[in-house]
Amino acid sequence: MAKRLRFAALAASLLLIVSCSRESFEATTPAYLHIPSIQVDSTFYPTQGSAHSAITTAWIYANGKAVGVFELPATVPVPNSGPTLVEVYPGITMNGIGATRAIYTPYQVLRETLDLTELDTLELDSPYTRYASSATILQVETFDENGLNLTATNRSDTSV
């Protein structure tokens, strides 16, 4: 029994050594991307409301591959060099809980082809997003004006 166990352990070790190649462990030198914050474009205030947002997270993709999820502001190592399609998905904390981050799908994805150089840091200067054309905004209530846009119905339990 002990001989069989030793043989199995030796065979498994041999398979592991043979299957690993040094090339798969080669580290690439990254370029760096600095994102100070992501703002919402405020030119659509009458139809989309205030530009105040709580974009706290950026989901980063480079040439279609996930780089990671980073809390803003962030300096992100990108394992690419040369022309690279960088996609930044604006993210939020769900219910204000830092441990539950999610992509906020009503916002447009920031897509830009950047020329990355190893060990250089490229800063995205004030990236802006806006609501995607597929997003539906039913009512804008900014509470900045006299009165409210809210109306009471026969199912309301509170007076307006």
Residue list for segment 64-87, filter: closer than 14 Å to THR117 by Cβ and either of a type in the set (Phe, Trp, Tyr) or in contact with a Pro (Cβ under 9 Å, 6 or more places away or on another chain) (or both): PRO77, VAL78, PRO79, ASN80, SER81
Segment 99-137, subset in contact (Cβ under 8 Å) with a residue 40 or more places away in the chain and touching a Pro at 6+ places or on another chain (Cβ under 6 Å), residue nearest to ASN80 (Cα to Cα): LEU110
Lone unmet requirement of (1) within 30 Å of THR29 (Cα to Cα); (2) modelled with pLDDT of 85 or more; (3) not charged (D, E, K, R) for PRO106: (1)
Scan of segment 111-129 for residues that are surrounded by fewer than 13 Cβ atoms within 10 Å (Cβ to Cβ), among the charged types (D, E, K, R) and either touching a helix residue (DSSP H, G or I) at 6+ places or on another chain (Cβ under 7 Å) or not in a strand (DSSP E or B) (or both), ordered by number: ASP120, ASP125
Tally, over segment 55-78, of residues that are in contact with a strand residue (DSSP E or B) (Cβ under 9 Å, 6 or more places away or on another chain), in a strand (DSSP E or B) and not aromatic (Phe, Trp, Tyr): 14
From the options VAL67, VAL78, residue that is farther than 25 Å from SER133 by Cα and over 12 Å from the mean Cα position of the chain (by Cα): VAL78
Condition check for THR100: at pLDDT 95 or above, β-branched (Val, Ile, Thr) and surrounded by fewer than 13 Cβ atoms within 10 Å (Cβ to Cβ): no
Pairs where the first residue, in segment 38-59, is closer than 28 Å to THR75 by Cα and the second is acidic (Asp, Glu) and modelled with pLDDT of 65 or more, C-beta under 6 Å, 6+ apart: THR57/GLU71
Output for segment 49-71, where each listed residue is under 18 Å from GLN39 (Cβ atoms) and surrounded by 15 or more Cβ atoms within 10 Å (Cβ to Cβ): GLY49, SER53, ILE55, THR56, THR57, ALA58, TRP59, ILE60, PHE70
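Where residues in segment 81-110 are in a loop (DSSP other than H, G, I, E, B) and within 17 Å of ALA62 (Cβ to Cβ), which of them is nearest to the chain's Cα centre (by Cα)?
Within segment 81-110, the first condition is being in a loop (DSSP other than H, G, I, E, B), and the residues that meet it are 81, 97-100, 104-106, 108-109.
Next, from what is left, pick out any that are within 17 Å of ALA62 (Cβ to Cβ): 81, 109.
Details: SER81: 20, VAL109: 9 Å.
Taking the candidates together, the pick is VAL109.
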Among (1) closer than 24 Å to VAL88 by Cβ; (2) modelled with pLDDT of 70 or more - the single one SER50 does not satisfy: (2)
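The values are calculated or read from the model by the stated rules, or taken from the named source; none is laboratory data. Since we're looking at a predicted model, the values are computed, not measured. Cβ: placed from backbone, ideal geometry, glycine included. Neighbour counts: every protein chain shown.
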